[in-house]
Structures are given as C-alpha cells and as structure tokens.
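The values are calculated or read from the model by the stated rules, or taken from the named source; none is laboratory data. Just so you know, these numbers come straight off a predicted model, no measurement behind them. Heads up, the Cβs are rebuilt from the backbone with ideal geometry, glycines too, and the neighbour counts pull from every protein chain shown.
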Amino acid sequence: MKRPPAVTELVDELKKLPGVGQKTAERLSFFILRGPVERALKLATAIKNVKEKIILCSRCHGITEKDPCDICQNPGRNQAQICVVEEPHDVYILENMGQYKGVYHVLMGVISPLDGIGPGELTIESLKEKVAKGNVTEVILATNPDMEGESTAAYIAKVLKPSAVRVTRIARGLPIGSDIEYADSVTLMKSLEGRSEML
Amino acid sequence: MGLYRTNAIVLRSIKLSETDKLVTFMSEQFGKVKCVARGARKIKSRFAGSLEPMTHVYLIYFGKENQQLFSLNNADIIESFHQLREDFQKLYTGVYLNELVDAMTVEMQEDKQIFQLLLDSLNALQNQSGFETLCRMFEIRLLSVSGHRPELNHCAVCKTAKVNGWVGFSYARRGIVCGHCMKQTGTEIKFTTGTLNYLRKLLTLDINCSGRLKFPKGMDEEIEKITHRLILSHVGRELKSYPFIKNMAAIG
C-alpha cells in the first residue's frame, strides 16, 4: 500500500535538507504527523518567517530582520574595528564569545579555485569601500585556517594594503585542552609563530 | 577488511556532513584514493592540518579491497608545503596541478610516476618562480606518463625526422606534422622549429630547473595552446582552476 501523497510530499521535501536521507525524512515526517497540530504549524510558520523576514544587512551583509542590523546600529559597538568572517552564522559564533565589541563584515563565502569562486563573487569590494571612507582603524580577518580561508585572508590583506589600515589575522595554533603530543607540525609551527609574552 | 599504508598527496578536501571531510589522495602505492575522515572538522581533530590540499602525508586507511570509499585512520604530515599557501600564484598553480592529476587519473590504479611527478612539481613550485613553464612542463609530462605522449620527434604523417622551418601540430594524430605533409593534410596550429625545441626541452629538462627555462615572448602562448588543448582533449572539459588562474593573473 502506498503512502498518502501528502506524507510522500513531506518526505520528499525533508529529503532535500543537508544530511537528511530517506529514512531520516520518513522518521521526521511521522514525528510531525503524530505530534499536535500546533507544533507542526509552529514549525511551518518558523520556516515561512525565516524566508520572508530575514534580509541581508546592507552594511555588514549579515542576516537580520531590519536594515541595518542591531550590531551595525549599536552606538556601543566600535565601528572602527571590523571583523571579517566567511558566513553569516560565523557572526553568531563570535558573538557567543561575548568579548568582541567591534562590528562585522560577512564575505558570503571564500575564494575557491576548484569551485570557480573568485574575489568578484564575494563582498570584498564593499569592504574596500568601507575602509576607503577612512573611519576604520583595524580589520580582523577571521576566515577559517584552511586553504581557501587563508588565501582569502591573504587576498584581502593585499587589496587593503594601500589604504594603510591595520590588518590583523586571528591566531592559529593549539586549541585549549588539547595535547601537544598529538599536534601536527603545521599547527605547532603556527603556534610558535604566534607566541606571546607571559608577563 | 584491509589496512593500507602509503605515502600520498592530498588532492582535494571537501566538507562532508556535520564534522567529516571527504578527502581525495594521490597515493604512491594505490593510485587515487578517496577516504572519509570522520570528525576531521572538529577543532581538536587529530587530522587537523594534515588534510589540506597539496600536503604530502603518510596515510593509513582501511576498507574492503574493491570499495570506492575508504575510512581514514591516520595521516601524518611528511611535507606540508605551507609556503605554497602563502603565495597566491604558487597556491593557484598548485591547485591547478592537483586538479589536473584528479582529472587525468582513475581511482585505485597504481601510478608511481604520476605520484612522483606531482611531488617533484610541488617541490619545484615551492622552491622557485617561473610558474608558467612549470605548468606547461607538468601538462606535457602528465600526458606522457599517462601514455598520451605527443609525437615530437617525427612527422605524425610521413614519419620523417627532418622537420625544418614551419611545423604543424595535429591534435587528431597527436603529433607534429612536417611542412610537406602540412600542405596536404592541413593542421590546426603551426609554429617554428624553435617552439618545437622548447616543447622537447619540457620533456627532458630536470623539473627542478623549470624556473631557468624562459619562453621567448609569443612562444609561451603557442606552447600553452598545444599542451593545454592536448589536456582538454583527454579530460573532455575545461578545468575549473584554469580560468581562475588566468583571471587572478589579470587582476595581479
């Protein structure tokens, strides 16, 4: 006996999500089906809202419900310090830390030769324009320490060099709580390069 | 279930599910191998920097003999080639070499010559400038060790070794065509014997000396046309990193 078309439709839609296969999609579908109507409608409304209300901030390119976003228009934030991140969700990871008081700039990706993504596909021009206005004192490059992230950071540092703004890179090295015994040579080298005074 | 140990170079590393990575290696013993590195994206992963493209590693992986996807057990860095990642041109040239090997090889087919060619080329790239010459040298040598060496010593039509003045190149016959045969058969491209001598040098010169070989102006484009189009005819598509390198070179 075939499943009712409505259930099949839900399974097919859920299957399109990353990391969700046929079995997981079926399990989720029957969980939604068995639960109260309010819960299912709440989920549907949340999905609808996120697609209808969320826009990109015209200043930092992060996700927001109003333009400019809360971080960009907060007078308590240091507008002269810009932290450059790859994706909008990286902003919230850094915000969870609670220590950073500057603003952000989201690149919306990284330079990736194998995926054909060049500097033109990112928001580097908008960053350059921001820096060119002369109010920025420091640009912190917080891209991932992998090949694409490093090359993107190096490219940004190169294009910002003529503006004489201070360009810094987040530290790379050993994670807190790790064991030096299992560290690879590149990580150890980077941690030695980025060592700091104790006193 | 077998446990395999070999030297390998990381060709490509892509994100897979929450914390895993799907890594393509060119190994010395087993040819091109794809492995899943579980937990590789976690901040305290033991794989850490060892799965970055162009890294030369000592690899331990396991799986059934005829399967396509293996599980990565360990990857120890032998040479990180980190200097390649600190220079744009070197980085993108290295990515192009990696993509070429990925496109020209099939999985689980041992080819020590290709592994050695890639390793030597990455070493040469790290230690010298002259990326264009190295790219052309790599392209023609990769074709050569893959069994598609173009005929550069004899006319591909009449087999004569005496070629003077203008020489043609036939992609269909995969070789040079002498002036006499060129008039009869016609060719897609023609060049001087000087260019031919440079092409021959690309096959014989020590790869570590590629930086010393400088093409005269205009000749570099001719050579690129020949080697890159030969590559295209084998791969059947344009490589993604090739137009990228050209664009980045134009940006400066």
Looking at region B:1-41, which of the residues that are within 14 Å of chain A (Cβ to nearest Cβ) and of a type in the set (S, T, N, Q) is surrounded by the most Cβ atoms within 10 Å (Cβ to Cβ)? B:Ser13
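Residue under question is A:Asn144, and the condition is that it be surrounded by fewer than 16 Cβ atoms within 10 Å (Cβ to Cβ) and in a loop (DSSP other than H, G, I, E, B); does it hold?
On the way: surrounded by fewer than 16 Cβ atoms within 10 Å (Cβ to Cβ): no; in a loop (DSSP other than H, G, I, E, B): yes.
Considered against the rule, which asks whether it is surrounded by fewer than 16 Cβ atoms within 10 Å (Cβ to Cβ) and in a loop (DSSP other than H, G, I, E, B), A:Asn144 comes out as no.
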Scanning region B:219-252 for residues that are among the small types (Gly, Ala, Ser) and touching a residue at least 60 places away in the same chain (Cβ under 8 Å), the one farthest from the other protein chains (Cβ to nearest Cβ) turns out to be B:Ser233
I'd like to check something: does region B:197-218 contain any residue that is acidic (Asp, Glu), within 14 Å of chain A (Cβ to nearest Cβ) and more than 15 Å from B:Glu132 (Cβ to Cβ)? no
Considering only helices (runs of 4 or more DSSP H) wholly within region A:1-60, the ones with at least 2 residues that are surrounded by 13 or more Cβ atoms within 10 Å (Cβ to Cβ) and of a type in the set (Val, Ile, Thr) are A:5-15, A:22-34
Selected residue [farther than 29 Å from A:Gly149 by Cα, out of contact with any helix residue (DSSP H, G or I) (no Cβ under 6 Å at 6 or more places or on another chain) and of a type outside the set (S, T, N, Q)] from A:Arg39, A:Arg77, A:Arg59: A:Arg39
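Quickly run through region B:47-96 and pick out the residues that are in a helix (DSSP H, G or I) and facing chain A (nearest Cβ under 8 Å).
Of the residues in region B:47-96, the ones in a helix (DSSP H, G or I) are B:48-51, B:82-86, B:88-96.
Of everything in region B:47-96, those that are in a helix (DSSP H, G or I) and facing chain A (nearest Cβ under 8 Å) turn out to be B:Ala48, B:Gly49, B:Ser50, B:His82, B:Arg85, B:Glu86, B:Phe88, B:Leu91, B:Tyr92, B:Val95, B:Tyr96.
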Checking A:Leu199, A:Leu174, A:Leu160 in turn, the sole residue that is modelled with pLDDT of 90 or more and out of contact with any Pro (no Cβ under 9 Å at 6 or more places or on another chain) turns out to be A:Leu160
Would you please list the contacts, defined by Cβ atoms under 7 Å and residues six or more apart or on different chains, that run from a residue in region A:109-120 that is facing chain B (nearest Cβ under 7 Å) to a residue that is surrounded by fewer than 15 Cβ atoms within 10 Å (Cβ to Cβ) and part of a strand (DSSP E or B)? none
Residue that is surrounded by fewer than 19 Cβ atoms within 10 Å (Cβ to Cβ), more than 29 Å from B:Ser80 (Cβ to Cβ) and out of contact with any strand residue (DSSP E or B) (no Cβ under 8 Å at 6 or more places or on another chain), where the choices are A:Gly173, A:Gly177, A:Gly120, A:Gly116: A:Gly120
